[in-house]
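Contents: one structure, followed by commentary.
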Amino acid sequence: MSSAPPLQMTGGRVRFDGREALSGVDLRVGAGEFLAVLGANGSGKSTLVRALLGLVPLSGGRTEIYGVPPARFRDWKRVGYVPQRLPAGGGVPATVREIVASGRVARRSRWRPASSADRAAVDAALRAVGLADRARDSAHLLSGGQQRRVLIARALAGEPDVLVMDEPTAGVDAASQAALAAILRELAGRGRTVVLVAHELGPLEPLIDRCVVMEHGRVAHEGAPPPPAWSRAAQAEDPHHHGPREGARSDEIGMRAG
């Protein structure tokens, strides 16, 4: 097992349409750490985690997953990724169970059928997010909050060592947030690494080891969670999405990495 940190960025820079979305960011995520990345929309928090996973290209600096650049990283079963939304549907609509089961792909060879362990992991993930009774439903017919829970279940089904979640609590009711906190508390207790992007922490705050607050593509704060007044101010929604939308590469990594 590699002694390199699960995720690391050195001097990371990202540019979108001539605008610098990340400006020389240094970040190291240690094994077993629960890190929250906070900031208002457009601050660079989602760009940061997506760049860490190689979902957006760097214009400068370096990023590594367990010591390996994302383009050369192959051990995707160790990484689970929860994007902000399901990709646009095309062709035959996928059921909730089919999407969650895709989180097991990185754990089996291309031609091996699903095993009893695969099916058990999918069942457990569906129960964990409270969607076992919707397993046969078309995922694209669910509410936005339920779709986020499907994406969380897909990542959990892969049983990753590191879980990266991009705003999993946005649009999710208080009960679902509390349920997510319980899931993540169990993962943290088993030594898993969690990176969480959020506007505010809510019931997740007691789990956080360290916070990074992004402003204008730079790290403005690193350490303990900021005071609640800051979190409330950060909730102001920016209607303009900066940078490319979740694309094919993002969905590919979501499926192969959890």
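The values are calculated or read from the model by the stated rules, or taken from the named source; none is laboratory data. Computed from a predicted structure; not experimentally measured. Reconstructed Cβ throughout: ideal geometry from the backbone, glycine too, with neighbour counts over all protein chains shown.
For region 149-200, a residue qualifies if it is of a type in the set (Ser, Thr, Tyr) and in a loop (DSSP other than H, G, I, E, B), and exactly one does: THR169.
Scanning region 26-46 for residues that are over 11 Å from GLY217 (Cα atoms) and not in a loop (DSSP other than H, G, I, E, B) returns ASP26, LEU27, ARG28, VAL29, PHE34, LEU35, ALA36, VAL37, LEU38.
Evaluate region 9-25: report whether one residue or more is among the hydroxyl-bearing types (Ser, Thr, Tyr) and either under 16 Å from the mean Cα position of the chain (by Cα) or not in a strand (DSSP E or B) (or both). Looking for residues that are among the hydroxyl-bearing types (Ser, Thr, Tyr) and either under 16 Å from the mean Cα position of the chain (by Cα) or not in a strand (DSSP E or B) (or both), one finds none in region 9-25, hence no. Right, LEU156: over 30 Å from SER23 (Cα atoms), in contact with a strand residue (DSSP E or B) (Cβ under 8 Å, 6 or more places away or on another chain) and aliphatic (A, V, I, L, M) or not? Here the answer is yes, as LEU156 does meet what is asked. Just one of the listed residues (SER102, SER116) is in contact with a helix residue (DSSP H, G or I) (Cβ under 9 Å, 6 or more places away or on another chain) and either in contact (Cβ under 8 Å) with a residue 40 or more places away in the chain or among the polar types (S, T, N, Q) (or both), and it is SER102.
When the residues of region 127-140 are filtered to those that are in a loop (DSSP other than H, G, I, E, B) and surrounded by 16 or more Cβ atoms within 10 Å (Cβ to Cβ), the one that is modelled with the lowest pLDDT is VAL129.
A quick yes/no check of all residues on (1) within 19 Å of PHE34 (Cβ to Cβ); (2) more than 13 Å from the chain's Cα centre (by Cα); (3) modelled with pLDDT of 85 or more:
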site	(1), (2), (3)
LEU142	no, yes, yes
GLY145	no, yes, no
LEU163	yes, no, yes
ALA178	yes, yes, yes
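Checking every residue in region 190-201 against the condition of being over 16 Å from the mean Cα position of the chain (by Cα), at pLDDT 55 or above and closer than 18 Å to ARG78 by Cβ gives at least one match.
Tell me, please, whether a residue that is under 16 Å from the mean Cα position of the chain (by Cα), at negative phi, among the β-branched types (Val, Ile, Thr) and at pLDDT 85 or above can be found in region 210-223. Taking every residue of region 210-223 in turn, at least one turns out to be under 16 Å from the mean Cα position of the chain (by Cα), at negative phi, among the β-branched types (Val, Ile, Thr) and at pLDDT 85 or above. Applying the criterion of being in contact with a Lys or Arg (Cβ under 8 Å, 6 or more places away or on another chain) and within 15 Å of VAL162 (Cβ to Cβ) to the residues of region 35-53, the residue that is surrounded by the most Cβ atoms within 10 Å (Cβ to Cβ) is VAL37.
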